[in-house]
Amino acid sequence: MGEFHIRSLNHAQGEIQYLTHPRLWGRGLGTAIGRRLLRVGFHQLGMHRIYATCDPRNVASAAILKKLGMTKEGHLRHTTKLRDGWRDSILFSILDSEWTDDPDRG
Ligand SMILES: CC(C)(COP(=O)(O)OP(=O)(O)OC[C@H]1O[C@@H](n2cnc3c(N)ncnc32)[C@H](O)[C@@H]1OP(=O)(O)O)[C@@H](O)C(=O)NCCC(=O)NCCS
């Protein structure tokens, strides 16, 4: 499943988040959801910039974001408090001018 959050209407900023069932991992589903969310954000909602964050240890999610043409903007420190301590986040984004709705991409 995927979620699109409009973070600012005035500034046309959105965020994507997605999740797939572990039994379905590695079949391209996460990439397909991400691409669909970007399509909705740029084509239907008129966003200018769409971003996503992931745990630095989450190599699969980072791979998806790169395949979608997103750029790594930075490493955010201690964004989330987990039971075993603080967790960092990697921030990725893509601008409307960079988005190509290419199904062969990813
Ligand atoms: C991250 C997540 C969505 C991936 O879903 P998925 O359906 O397996 O994704 P895909 O099959 O489209 O692609 C995963 C990519 O990561 C790569 N990957 C997976 N595990 C990897 C690993 N350990 N090392 C390197 N690459 C890895 C796959 O090879 C694939 O890339 P490829 O198509 O170029 O080979 C899924 O693991 C998940 O729901 N995790 C929990 C929630 C989460 O982390 N959400 C993202 C934060 S918004």
*According to a simple spin-label model (label point 7 Å from Cα along Cα-to-Cβ), what is the distance in nm between R7 and D55?*
2.0
*Calculate one ³J(HN,Hα) per residue across region 55-64 by plugging θ = phi - 60° into the Karplus curve 6.51 cos²θ - 1.76 cosθ + 1.60, and present them in order as whole Hz with x for glycine and proline.*
4, x, 7, 8, 5, 5, 5, 4, 4, 5
_Scattering curve values for the chain, log₁₀ I(q)/I(0), Debye with Cα scatterers, q = 0.11, 0.12, 0.16 Å⁻¹_ = -0.33, -0.40, -0.70
_Note, ³J(HN,Hα) from phi for region 19-26, Karplus 6.51, -1.76, 1.60, rounded to Hz, x at Gly and Pro_ = 7, 10, 5, x, 5, 10, 5, x
*Report ³J(HN,Hα) in whole Hz for each residue of region 39-44, in order, from the Karplus equation J = 6.51 cos²θ - 1.76 cosθ + 1.60 where θ = phi - 60°; Gly and Pro get x.*
4, 4, x, 7, 7, 8
*Given a Förster radius of 22 Å and the C-beta distance between T71 and R23 as r, what FRET efficiency does 1/(1 + (r/R0)^6) yield to the nearest 0.05?*
0.10
*Would you work out the relative contact order for the chain, in percent, from Cα pairs under 8 angstrom that are 6 or more residues apart?*
24
_Cβ crowding within 10 Å averaged over residues, with 27-33, 50-56 ranked highest first_ = 50-56, 27-33
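Read-outs throughout are calculated quantities, based only on the coordinates presented, and are distinct from any laboratory measurement. Not measured: the values here are computed from a predicted model. Please note: Cβ atoms are built from the backbone with ideal geometry, for glycine as well, and neighbour counts cover all protein chains shown.
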